[in-house]
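Report on the following structure.
The values are calculated or read from the model by the stated rules, or taken from the named source; none is laboratory data. In this text, all values refer to a predicted model and were calculated from it rather than measured experimentally. Heads up, the Cβs are rebuilt from the backbone with ideal geometry, glycines too, and the neighbour counts pull from every protein chain shown.
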Amino acid sequence: MRAVMYEEFGRRPEIVEVDDPVPTPTGAVIRVDATGLCRSDWHGWMGHDPDITLPHVPGHELAGTIVAVGAEVTRCHVGDRVTVPFVCACGVCDQCRAGDHQVCDAQYQPGFTHWGSFAELVAIAHADVNAVTLPPDLDAVTAASLGCRFATSYRALVVQGRVQPGEWVAVHGCGGVGLAAVMIAIAAGARVVAVDISRSAISAAVALGAEAAVNPLTTDVVVAVRELTGGGAHVSIDALGSRATCVASVFGLRKRGRHVQIGLMVADDARAALPMDLVIARELEIVGSHGMAAHAYGEMLDRVASGELRPQQLVGRTIGLDDVPAELMSMDLPRIGAGITVVVPSGA
């Protein structure tokens, strides 16, 4: 099969021919019909993820069709159209038995712990636990946006942030995951302040229904958020992952507000000093959100099917497999357009 591979961190990836994957007894092989290009893939290419072993094939947001299953697989079948969460669970550890597959003790992550979906085929582990059957009318490009960014934002707001109608939500960083958060918050009846330095990102957030926008390059974010929301956000999301966005998110909360960290933080940013005196005095909550378990996708897919959530609106453009190396290397640069970039390996 054709795949995108890098042999050194930070070195240009190449399009290569490699052996087709074969399923483990409990696993499956999926033909990749579409796969999202995510900033987490860039972090992996830069060497920020200790789970990656070289040489490596990245890619973790995928939708496709099962072409082979292992001998012990009973629920999944060849021909099924599926997606998977970016954290594939074992199904048997203590965390999994509690239903918390997203923090599985033996998690398998295509594109990180194992080769991923920037390829024509990808293997997944424990298919009966992790494969999510797609509704017949959900196209592959839209479905590919669900596995990481959209599902992560959904659980971050609905479960971890417990967003309620009428509450103010501040979204710091309006890339793919941030725009998903804007859409989900508005669908929940919340009011949104979008924070980003990109005019196109802000425009996209406003088009989705954000009531206000703040540009950190020209405005004091904390002051602006607190004024716009009448005292601070009830829920604040750091969808980018930096010291500045994390701290601004916490400072912009009202009393008893909830900060949810989605954006991956690395190097010195991962040790950002937070105002714990403020956390105590205002009884703030600070929680992380690490994707969503496959068994929890049903509610989200129902809301997509009903039209309440429209993830297809978040797809900015599609590209082919040959375009991935250049696009991956440029993920840390300012984006001209907003929305999610999706790879279609077949080029169709």
H114 in the same structural domain as P21 (by TED's automatic domain parsing) and either of a type in the set (G, A, S) or touching a residue at least 12 places away in the same chain (Cβ under 8 Å) (or both): no
Condition met for V223 (without any contact (Cβ under 8 Å) to a residue 12 or more places away in the chain and either assigned to a helix (DSSP H, G or I) or not assigned by TED's automatic domain parsing to the domain that holds M183 (or both)): yes
Candidates L309, L284, filtered to the one that is over 20 Å from the mean Cα position of the chain (by Cα) and in contact (Cβ under 8 Å) with a residue 24 or more places away in the chain: L284
Conditions (1) farther than 19 Å from W42 by Cβ; (2) of a type in the set (A, V, I, L, M); (3) at pLDDT below 95: number failed by M300: (3)
Which numbered condition V163 misses (of (1) β-branched (V, I, T); (2) out of contact with any His (no Cβ under 8 Å at 6 or more places or on another chain); (3) more than 15 Å from L228 (Cβ to Cβ)): (2)
Residue list for the stretch 151-176, restricted to those being touching a residue at least 60 places away in the same chain (Cβ under 8 Å), on the phi > 0 side of the Ramachandran plot and surrounded by fewer than 24 Cβ atoms within 10 Å (Cβ to Cβ): R162
Residue tally, condition touching a helix residue (DSSP H, G or I) at 6+ places or on another chain (Cβ under 8 Å), surrounded by 12 or more Cβ atoms within 10 Å (Cβ to Cβ) and either free of Cβ contacts under 8 Å to residues at least 60 places away in the same chain or on the phi > 0 side of the Ramachandran plot (or both), over the stretch 5-20: 2
Subset of the stretch 275-285 (residues that are among the hydrophobic types (A, V, I, L, M, F, W, C) and surrounded by fewer than 17 Cβ atoms within 10 Å (Cβ to Cβ)): M276, L278, V279, I280, A281
Enumeration of residues in the stretch 177-197 that are surrounded by fewer than 19 Cβ atoms within 10 Å (Cβ to Cβ) and of a type outside the set (A, V, I, L, M, F, W, C): G189
Strands (runs of 3 or more DSSP E) lying entirely in the stretch 270-348 (those with 1 or more residues that are of a type in the set (K, R) and outside the structural domain of D196 (by TED's automatic domain parsing)): 315-319
Positions within the stretch 52-89 being in a loop (DSSP other than H, G, I, E, B), within 26 Å of L328 (Cβ to Cβ) and in contact (Cβ under 8 Å) with a residue 24 or more places away in the chain, in sequence order: I52, L54, P55, V57, P58, G59, H60, V84, P85, F86, V87
Hits in the stretch 22-57 - residues which are farther than 22 Å from A239 by Cα and among the β-branched types (V, I, T): V22, T24, T26, V29, I30, V32, I52, T53, V57
Filtered residues of the stretch 95-129 (kept if of a type in the set (V, I, T) and either in contact with a strand residue (DSSP E or B) (Cβ under 7 Å, 6 or more places away or on another chain) or part of a helix (DSSP H, G or I) (or both)): V103, V122, I124, V129
Within the stretch 247-266, considering residues that are assigned to a helix (DSSP H, G or I) and without any contact (Cβ under 8 Å) to a residue 40 or more places away in the chain, the one farthest from D41 (Cα to Cα): F251
Output for the stretch 274-323, where each listed residue is of a type in the set (A, V, I, L, M, F, W, C) and within 25 Å of C104 (Cα to Cα): I286, V287, M292, A293, A294, A296, M300, L301
Which numbered condition V163 fails, given (1) at pLDDT 95 or above; (2) assigned to a loop (DSSP other than H, G, I, E, B); (3) not assigned by TED's automatic domain parsing to the domain that holds G241: (3)
